[in-house]
Amino acid sequence: MQMLSLTKVCAGYSGFQALFEVSVEVEAGEAVAVIGPNGAGKTTLLRVISKLIGATSGEIRMEGASLARVPAHEVVSRGIAHVPENRRLFPRLTVEENLRMGAFPRAARKRYGERLEFVYGLFPRLEERRGQPAGTLSGGEQQMCAIGRALMSGPKLLLLDEPSAGLAPVVVQAIFDLVRRICAQGYTVLIVEQNIRQVLKVVGRAYLLEAGRIRLAGNSREFLDSQEIRKTYLGL
Amino acid sequence: MEVFDIFLLEAILNGLLLGGLLALLSLGLNLIFGVIDVVWICYAELIMCGMYAVYYLHVQYHWPLLAAMAAAVVIVAVLGVILHQFVIRPVLGAEPINQLLVTGGVLFFLQAAATLAFGIEFRNLGVTLPSIRLGEMSFSAARLVAFCVALAGMLGMYLFLSRSYLGTAIRAISQDRAIMPLMGVSPARIFVLASALGGALAGLGACLLVLQYDVHPAIGLSFGPITFLICVMGGLGSMAGGFIAAFVFAQFISVGGFLFHLEWGYVLAFAFFIAMMFWRPQGILGRR
Ligand SMILES: Nc1ncnc2c1ncn2[C@@H]1O[C@H](COP(=O)(O)OP(=O)(O)O)[C@@H](O)[C@H]1O
Ligand SMILES: [Mg+2]
C-alpha cells in the first residue's frame, strides 16, 4: 500500500523556488532516504510534506488522501510526524513536557501513558532525565528526545531531517542503530541525510536531490554501485 | 514589642497584601508578552472597563455582586480577544515600536471612550468591607480578600500552565513558534486563548480593585505604569520574575511609605526600579 506520494511538487520561499517538479513515493513499511548536497532542498521537501510551507503546484497524498486542504496543524493527525532539522526541542520545557507536546493532538492524548512508556522503553536515558530542561541534554539525548516527541503522536510516517548532524561519531552510530530499530518496529520512515554511506545501510531505497530536482532514484544497492554517487558523495 | 515595631509589621503585612494584587495584575501582562511577544500597554484600561462592568451591573442593574464580577471577568476576556483579533493580529509582523504605539493608541481610545460613555465622575461600588483587627494592627478586609483571590487565581493559572496540554503549549510557543504546527498546535488559536486568559486575569484584577478604589476613566494610569514596570523588573514575559518583583515593589511602597511618607514609598520604589535597570536590565529572571 502506498503511504506517501508527491507528484510534481514545486515549492519555495518568497520569490525563490527551491523544489522543481519533485515526485517521491513511499510505500507502507518502507524506509526511504533523500540525499543530496547542502542547499539541495531536502529540508524544504520535508517542510512541504508537513505543510510548514505550501506547495506552489503539484500534489501530496497521504494514504491516498490529498493534503491540499489540510491545515498545517492537522497534518500530524493524518499520521505524519516530522522531526525537524536541528531537533528544535523546547529548551526550557522538561524532557517529559517536550514529550507531552508531541501528544498534543486529541487522539494522541488518550494514549499518552502507554506511548510514554514505549518511548521511555526505547530511550531509557530520557526517563532518567525526564524532569530536566531539554536544553541541558547532550546532542545525542536531544535527538532521542526529538524522535521520542514525534513518536508520541503515534505516527504512521516519520520524517527525519538529518538526525545525525552535529553529533560525535559514536553517537552518530547510536542514532543510526536507533533509526534501524524504529524501522523494524513497523514505522514508515522518510529520512534526509548527509551521512550517505551510513544511511544507505539503513534504508531500502533512496532519492538523490540536487538543486531542487530529483536526479536519481533507486534501491540502496544501486546507489552504492552508482559511479556518480561513488565519485561525488562517497569519495571513492 | 514596641508600638513602632507593631506598625512596621503592619506595613510589611500590608505590603504583602498589596504584593499579591500587583502580582496578579502583572501575571496577565506577562502571559500576553510571553506568548504573543507584544506588550498590551492598554492592559490597565482593560481593567478599567472591567471595573465599570462590575459597577454598572451591580449598582445600576442590581445584579448580585458575585454575578456582576463573574460577568466582568467574561466581558474583559472577550475584550482581550477583540483586542487581539482587530488590533494585535494585523501588526504581529510589524516592528515592536509600532506594536507598542498601536496598543498605546488603544489606551487613549479606551480612556476617551470611557469618558464619553460614563463621564468623569468617580464612581463607587458602595460596598464597604470591615477592617480586621489583629492585636494592635488593622487590615482592610477588602485587601485581604483581594490577596486571597489573587493568590488563588495565580495558583489556578500555575496549575493550568504546568499540568494541561494547552498550558504546556502556551509555554512552548514562546520558545519556538515556527514548529508548533508539527505538534498539532495552531499558533493562531493559542494566541486567541492567551488573549482571553490575559483578559480574564485583567477582569479578575478589576473585581478586586473595584472593592478598594473608585472607578473613573483615568484610573488605569494609577496602576498601569506600576504593572508594566513590575513586569520589566521581573523580566518581561517571565511570570515567576513578575511574581517576585511585585512583592519587592509592594514592600518598597508600603514600608517606604510607612517609614517616611506615603508618597515617598512610590519615589523609593521607582528609584529602585531605575537602579535595577542599570544593574540587571534584563530583569530578575529575564533572559537575553
Ligand atoms: N526560510 C528560507 N527562506 C528563503 N530561502 C530558504 C529558506 N530556507 C531554505 N532556503 C533556500 O532554499 C534552498 C533549499 O534549502 P534547504 O531545503 O534547507 O536545503 P537542504 O536541507 O538540502 O540543505 C537553499 O537555497 C536555501 O538557501
Ligand atoms: Mg537541511
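The values are calculated or read from the model by the stated rules, or taken from the named source; none is laboratory data. Treat the numbers as computed from the prediction; the structure is a model and nothing was measured. Here the Cβ positions follow ideal geometry from the backbone for every residue, glycine too, while neighbour counts run over all protein chains shown. Accessible surface is based on the protein model in full, side chains and every heavy atom, while ligands, DNA and RNA are left aside. Shrake-Rupley method; radii C 1.70, N 1.55, O 1.52, S 1.80 Å.
Descriptive notes on the structure:
- Any helices (runs of 4 or more DSSP H) falling wholly within segment A:145-236 and containing at least 1 residues that are closer than 30 Å to A:GLU96 by Cβ, open to solvent by 50 Å² or more (accessible area, probe 1.4 Å) and away from ligand 1 (no atom under 16 Å from the Cβ): A:169-184
- Contacts under 6 angstrom Cβ, first residue in segment A:83-99 being at the interface with another protein chain (Cβ under 10 Å from one of its Cβ atoms), partner of a type in the set (Phe, Trp, Tyr), 6 or more apart: A:ASN98/A:PHE90
- Reported count of residues in segment A:35-58, each being within 6 Å of ligand 1 (Cβ to nearest atom) and among the aliphatic types (A, V, I, L, M), is 1.
- So B:ALA44, is it at pLDDT 95 or above and open to solvent by 30 Å² or more (accessible area, probe 1.4 Å): no
- Members of segment A:14-52 that are away from ligand 2 (no atom under 13 Å from the Cβ), open to solvent by 10 Å² or more (accessible area, probe 1.4 Å) and within 14 Å of chain B (Cβ to nearest Cβ): A:SER14, A:LYS51
- When B:ILE82 is tested against the conditions (1) open to solvent by 60 Å² or more (accessible area, probe 1.4 Å); (2) at positive phi, the lone failure is (2).
Let's see how each residue does on (1) assigned to a helix (DSSP H, G or I); (2) not aliphatic (A, V, I, L, M):
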| position | (1), (2) |
| --- | --- |
| B:ILE230 | yes, no |
| B:ALA240 | yes, no |
| B:VAL248 | yes, no |
| B:SER254 | yes, yes |
| B:GLU263 | yes, yes |
| B:PHE270 | yes, yes |
| B:ILE274 | yes, no |
| B:ILE284 | no, no |
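- All positions within segment B:161-188 that are of a type in the set (D, E, K, R) and more than 9 Å from every other protein chain (Cβ to nearest Cβ): B:ARG163, B:ARG177
- Considering the conditions (1) surrounded by fewer than 23 Cβ atoms within 10 Å (Cβ to Cβ); (2) within 11 Å of chain B (Cβ to nearest Cβ), A:VAL76 is excluded by exactly one of them, (1).
- Per this entry, A:LEU6 is not counted among residues that are crowded, with 22+ Cβ neighbours inside 10 Å and either within 14 Å of chain B (Cβ to nearest Cβ) or more than 23 Å from B:PRO181 (Cα to Cα) (or both).
- Whichever residue in segment B:181-218 is among the hydrophobic types (A, V, I, L, M, F, W, C) and touching a Phe, Trp or Tyr at 6+ places or on another chain (Cβ under 7 Å) and, among such residues, is surrounded by the most Cβ atoms within 10 Å (Cβ to Cβ): B:ALA202
- Unmet criterion (only one of (1) over 20 Å from B:ILE219 (Cβ atoms); (2) assigned to a helix (DSSP H, G or I)) for B:HIS62: (2)
- Qualifying positions in segment A:26-54 - more than 15 Å from B:ILE179 (Cβ to Cβ), part of a loop (DSSP other than H, G, I, E, B) and touching a Phe, Trp or Tyr at 6+ places or on another chain (Cβ under 9 Å): A:GLY29, A:GLY36, A:PRO37, A:GLY41
- Residues being surrounded by fewer than 24 Cβ atoms within 10 Å (Cβ to Cβ) and either more than 16 Å from ligand 2 (Cβ to nearest atom) or assigned to a helix (DSSP H, G or I) (or both) - total across segment A:83-98: 6
The rows are residues; the columns are (1) facing another protein chain (nearest Cβ under 8 Å); (2) among the small types (Gly, Ala, Ser); (3) assigned to a loop (DSSP other than H, G, I, E, B); (4) surrounded by fewer than 20 Cβ atoms within 10 Å (Cβ to Cβ).
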site: A:PHE104; (1), (2), (3), (4): yes, no, yes, no
site: A:GLY113; (1), (2), (3), (4): no, yes, no, yes
site: A:ARG125; (1), (2), (3), (4): no, no, no, yes
site: A:ARG130; (1), (2), (3), (4): no, no, yes, yes
site: A:GLY135; (1), (2), (3), (4): no, yes, no, yes
